[in-house]
Amino acid sequence: MDFLIGLFHATLATMMDVLPIAAILFGFQVFVLHRQIANLPRILLGFAFVLVGLALFLDGLESALFPLGRLMAEQLTQPAFIGQAQGWWHYGWVYAFAAAIGFATTIAEPALIAVAMKANQVSGGTIGVLGLRIAVAIGVAFGIALGSFRIVTGTPLPWYIISGYVLVVIQTVFAPRTIIALAYDSGGVTTSTVTVPLVAALGLGLASTIPGRSPVLDGFGLIAFASLFPMMTVMGYAQLSEWRARRQRAKVMDSEKEV
């Protein structure tokens, strides 16, 4: 019964969120473009699917993903698991779990898969779908692990974010121009439906269980790390590929000279 009540409230909340989008789309089509809406029954059915899917997704977050993230954080920070000492070096499994969950959720992120496929199409196959996804996932994994270290140590968030964006600006100067915009977009598509719930739950769980940490002050910020570091890894991936291509061309030229 509680599940049905929660699902009903989630459906109502989702309907209130989706209705403005539907009003704008239909309003522009009818009153601005002065055109009839093609395939109206199919569009209405699609909106119904969106409502049901989002409602189930939101209820699933509250029922499964958020509690699971908090549970994992609590278990990994128990004294029986890490010992009585509270130094940051005793939380190695926390950092490993954070990196693993960041990598796994990013690989499964639908928005990233869509962007990687489009990038592969417009680049004529130069940008590999799997290579881009792995590069972004590595960046998210490192960022989430570093963000967990920040929560454990209690150091200020701006130190990390400002330093990271300074490195991004410097890296942008040397990265291939064809990859810069994609690298910036990659930082945004990682923070979507799969990654955000688990990462947010992990941050709040860590801040709630580690002594001296506040969920409000320290629990948030992991998503910023997940957006920042993929820019570095994608540009680094492009720079490495460019360096390998130059090296290969140099070998070919040397072999031709010898002939």
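Step through the residues of the range 222-231 one at a time and calculate ³J(HN,Hα) from phi using the Karplus curve (6.51 cos²θ - 1.76 cosθ + 1.60, θ = phi - 60°), rounding each to whole Hz and writing x for Gly and Pro.
Per-residue couplings from phi come out as 5, 5, 5, 5, 5, 8, 7, 6, x, 4 Hz.
In debye, nearest 20, what is the charge dipole magnitude of the chain about its Cα centre with +1 on Lys and Arg Cβ and -1 on Asp and Glu Cβ, if you could check? Could you put the intermediate results ahead of the total?
Numbers: 14 positive and 12 negative charges, 154 e Å.
For the chain, the charge dipole is close to 740 debye.
Using Cβ contacts closer than 10 Å as the measure, can you line up TYR160, TYR184, TYR165 from fewest to most? Provide the component values of the computation, followed by the final result.
Working: TYR160 19, TYR184 16, TYR165 12.
The fewest-first ordering by Cβ neighbours comes to TYR165, TYR184, TYR160.
Please compute the contact order of the chain in relative form: average sequence separation of alpha-carbon pairs under 8 Å and at least six residues apart, divided by the residue count, as a percent. Before the final figure, lay out the partial values.
Values: 289 pairs, mean separation 59.2, N = 259.
About 23 percent, as a whole number.
For the chain, set up a Gaussian network in which alpha carbons nearer than 10 Å are linked by springs, and say which option among THR153, THR178, THR209 fluctuates the most.
Result for the chain, Cα springs under 10 Å: THR178 fluctuates most.
Using the count of nearby Cβ atoms within 10 Å as a rough guide to exposure, how do ARG70, ARG150, ARG249 rank from fewest to most? Don't jump to the answer; show the numbers that get you there.
On the way: ARG70 17, ARG150 22, ARG249 10.
Listed from fewest to most nearby Cβ atoms, that is ARG249, ARG70, ARG150.
Beyond 17 Å, what percent of the Cα pairs of the range 1-64 remain? Working shown, then result.
On the way: 978 of 2016 pairs.
Of all Cα-Cα pairs in the range 1-64, 49 percent lie more than 17 Å apart.
What shape does the chain take by its C-alpha gyration tensor, where a ≥ b ≥ c are the square roots of the eigenvalues and a/c under 1.5 counts as rounded, a/b above b/c as prolate, and the rest as oblate?
Working: a/c = 2.36, a/b = 1.09, b/c = 2.17.
In terms of gyration-tensor shape, oblate.
Which residue fluctuates most in the GNM of the chain (Cα springs below 10 Å): ALA119, ALA200, ALA23?
Result: ALA23 has the largest fluctuation of those listed.
For the range 54-183, take the alpha-carbon Rg, divide it by the Kirkwood Rh, and send me Rg/Rh. Intermediate results must be reported in sequence, preceding the final value.
Working: Rg = 18.1 Å, Rh = 17.3 Å.
On the Cα set of the range 54-183, Rg over Rh gives 1.05.
Name the residue farthest towards the positive end of the dipole of the range 77-258 from the options GLY219, SER255, VAL234, assuming +1 on Cβ of Lys and Arg, -1 on Cβ of Asp and Glu, about the Cα centre.
Selected residue: SER255.
So what J values fall out for the range 130-147 if you push phi through Karplus, 6.51 cos²θ - 1.76 cosθ + 1.60 with θ = phi - 60°, rounded to Hz, Gly and Pro as x?
My calculation for the range 130-147 gives 5, x, 5, 4, 5, 4, 5, 5, 5, x, 5, 4, 5, x, 5, 5, 5, x Hz in order.
Taking the beta-carbon count within 10 Å as an exposure proxy, list GLU62, GLU242, GLU109 from fewest neighbours to most.
Working: GLU62 12, GLU242 15, GLU109 24.
Ranking GLU62, GLU242, GLU109 by Cβ neighbours within 10 Å, fewest first, gives GLU62, GLU242, GLU109.
Under a GNM of the chain (C-alpha, springs under 10 Å), which listed residue has the highest mean-square fluctuation: GLY188, GLY46, GLY147?
Maximum among the listed residues: GLY46.
Output ³J(HN,Hα) for the range 39-44: one whole-Hz value per residue in order, computed from phi by the Karplus curve 6.51 cos²θ - 1.76 cosθ + 1.60 with θ = phi - 60°, and x for Gly and Pro.
Values per residue, Gly and Pro as x: 6, 4, x, 5, 5, 5 Hz.
Each value in this text was obtained by applying a stated rule to the coordinates, not by laboratory testing. If you're wondering where the values come from, they're calculated on a predicted model, not measured in any experiment. Virtual Cβ from ideal backbone geometry, glycine too; neighbours counted across all protein chains shown.
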